[in-house]
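Before anything else, here's the structure in question.
Read the figures in this text as sums done on the coordinates, not as results from a lab. Remember, predicted model here, so these are calculated numbers, not experimental data. Cβ coordinates were reconstructed from backbone atoms using ideal geometry, including for glycine residues, and neighbour counts include every protein chain displayed.
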Amino acid sequence: MEILAPNVSGIARAARALAEGLLVAIPTETVYGLGANAFDVRAVARVFEAKKRPTFDPLIVHIAEMGFLEEVASFPNELARRLAEAFWPGPLTLILPKRGRVPGLVTSGLDSVAVRMPAHPVAREIIRLSGLPIAAPSANPFGYLSPTRAEHVARMLGEAVDFIVDGGASDIGVESTVLDVRGPRPRILRPGGLPRGAIEEVCGPVELVDRSSAQPTSPGQLESHYAPRARLRLVGAGGLVAAPIAEGDAVLFFDDASRESFERARTVSARGAHRVLSPSGELREAAASLFDILHELDLAGTAAIWAERVPAEGLGLAVNDRLWKASTK
Ligand code: TXA
Ligand code: MG
């Protein structure tokens, strides 16, 4: 495995590697993706293998320009086109009718394909230069925390990847919002980096698919997902004060206000780490630091983490979703 800088030669090498059928971890504004040529079944098979991901969990195909879309999918309706025009490039993945050229392995045999146009300039340039649609799941072992830094990818996947392009920390820090736009009313299959409210401004009410639904249509809905090695226990907002936290447990607060009231109320000195998602209580910042802090706590060998829900608005929906999934391991 080789780490590439996000400069002209690193980007060119990454694009060439993708065209050669190699695996390249790419920085995006949401999380790092493990990229492969979506038309190359052998390369895509290596992605599943590297992640130990079951092949029933389909991949997102990444494109750099709108002109590329017709190679992989079509717009089923005007609304889908409007959403793509409003939010691409950006943290929105659309479930669209797939074109025949996309291998069944990419879509787990479904007749739909997930498509996203990332906004990160390095990702876009790599994809554009490769001249290919790039299949890229988050660059983590199946079920584990998504990577928001090149180091996370190197530590988790190591020699299973050929190149990692180091683009620094991901801005948004949670995965894209997955939206099924094939029916009359769009359905959010996975809350993510694009808040529901922003989508509703463009297309009216959208449905949020119940994660406890008996038949998940998106394995992002699987309960145990995005999980650290540590045992994560989730309580309601402000609920940490009353939680039965043991001495060595780590505690993850939403903001400084919550941490302060916890520390005032607790007289026993705890030895576990205390971390704050966003000191000033900003949901954007909380999303951006979530996986980063969980990776750090895992690296330190933390056995148990207590966390509280964040306000359920904007990016808070995605943060609570990831916390909840991390807690159901
Ligand atoms: O932000 C992101 O979306 C990142 C970056 C790298 O783009 N990618 C990512 O990929 O999170 P992955 O594979 O970890 O998550 C893709 C999600 C999964 O929950 C998968 O089940 C769902 O999208 N998905 C993919 N194709 C689908 C399809 N045809 N129908 C329904 N869900 C689909
Ligand atoms: Mg993933």
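Over 22 Å between C-alpha atoms is what I'm after, so list which of K51/K329; K52/K325; K51/K98; K52/K98 land there.
From K51/K329; K52/K325; K51/K98; K52/K98, over 22 Å: K51/K98; K52/K98.
Which net charge results when you count Lys and Arg as +1 and Asp and Glu as -1 among the other residues whose beta-carbon is under 14 Å from that of F163? Display every interim value, and only then the final one.
Working: positive: R13, R16, R46; negative: E2, E20, E159, D162, D166.
Overall, the nearby charge balance is -2.
Roughly how many nanometres apart are two label points built 7 Å out from the Cα toward the Cβ at L129 and T328?
Output for this residue pair reads 4.1 nm.
Using Cβ counts within 10 Å as a stand-in for footprinting exposure, how do I134, I199 rank, fewest first?
In order of increasing Cβ crowding within 10 Å: I199, I134.
Ok, one more. Pop a pseudo-label 7 angstrom from the Cα along the beta-carbon direction at both V235 and R82 and give the gap in nm to one decimal.
So the two model labels end up 4.5 nm from each other.
Which value in nm describes the separation of the simple spin-label points at E200 and F142, placed 7 Å from the Cα toward the beta carbon?
Taking the simple label geometry, E200 and F142 are separated by 3.5 nm.
Give me Y144, Y226, Y32 ranked fewest to most by other Cβ atoms within 10 Å of their Cβ, as a rough exposure proxy.
By the 10 Å Cβ count, ascending: Y144, Y226, Y32.
Report, to one decimal in Å, the Kirkwood hydrodynamic radius for the chain based on all distinct Cα pairs. Provide the component values of the computation, followed by the final result.
On the way: mean 1/r = 0.0499 Å⁻¹.
For the chain, inverting the mean 1/r across all distinct Cα pairs yields 20.0 Å.
Another question, then. What number, in nm² with one decimal, is the all-direction average of the projected area of the convex hull of the alpha-carbon atoms of region 231-326?
Taking the Cα atoms of region 231-326, their convex hull projects to 5.3 nm² on average.
Hey, quick one: spin label on R99, modelled 7 Å out along Cα-Cβ, who in region 127-168 has an amide N within reach, i.e. under 11 Å?
Under cut-off, by backbone N: 133.
Measure nothing fancy, just the Cα-based angle from helix 316-327's long axis to the longest principal axis of the chain, in degrees from 0 to 90, nearest 10.
80 degrees
As I understand it, the value is the acute angle between the Cα axis of helix 283-299 and the longest principal axis of the Cα atoms of the chain; what does it come to in degrees, rounded to 10?
Approximately 80 degrees, to the nearest ten.
Angle between the Cα long axis of helix 256-265 and the longest principal axis of the chain, 0 to 90 degrees, nearest 10?
Compared with the principal axis, the helix lies near 30 degrees.
Okay, next question. Taking the beta-carbon count within 10 Å as an exposure proxy, list S9, S170, S130, S261 from fewest neighbours to most.
Numbers: S9 9, S170 25, S130 22, S261 14.
Ranking S9, S170, S130, S261 by Cβ neighbours within 10 Å, fewest first, gives S9, S261, S130, S170.
Still on this structure, please answer the following. Going 7 Å from the Cα of E207 along its beta-carbon direction, which residues of region 159-191 have the amide nitrogen within less than 18 Å of the resulting point?
Under 18 Å, as judged by backbone N against the label point of E207, lie 178-191 of region 159-191.
Something else about it: Work out, step by step, the length gained on full extension between A303 and A169: first 0.36 nm times the residue separation, then minus their alpha carbon distance; give nm to one decimal.
45.7 nm
Suppose a student asked you for the relative contact order of region 280-329, using Cα pairs under 8 Å spaced at least 6 residues apart; what percent would you report? If you can, show how the numbers build up before the last one.
Details: 20 pairs, mean separation 22.2, N = 50.
In percent, rounded to a whole number, it is 44.
Based on DSSP H runs of at least 4 residues, each adding -39500 (n - 2.57), what is the mean residue ellipticity at 222 nm of the chain after dividing by all its residues, to the nearest 500 deg cm²/dmol?
After summing the helix terms and dividing by the residues of the chain, the value is -9500 deg cm²/dmol.
Moving to a separate point now. Give me the net charge of E71's neighbourhood, meaning all other residues with Cβ under 14 Å from the Cβ of E71; Lys, Arg count +1, Asp, Glu -1.
Here the charged neighbours net out to +1.
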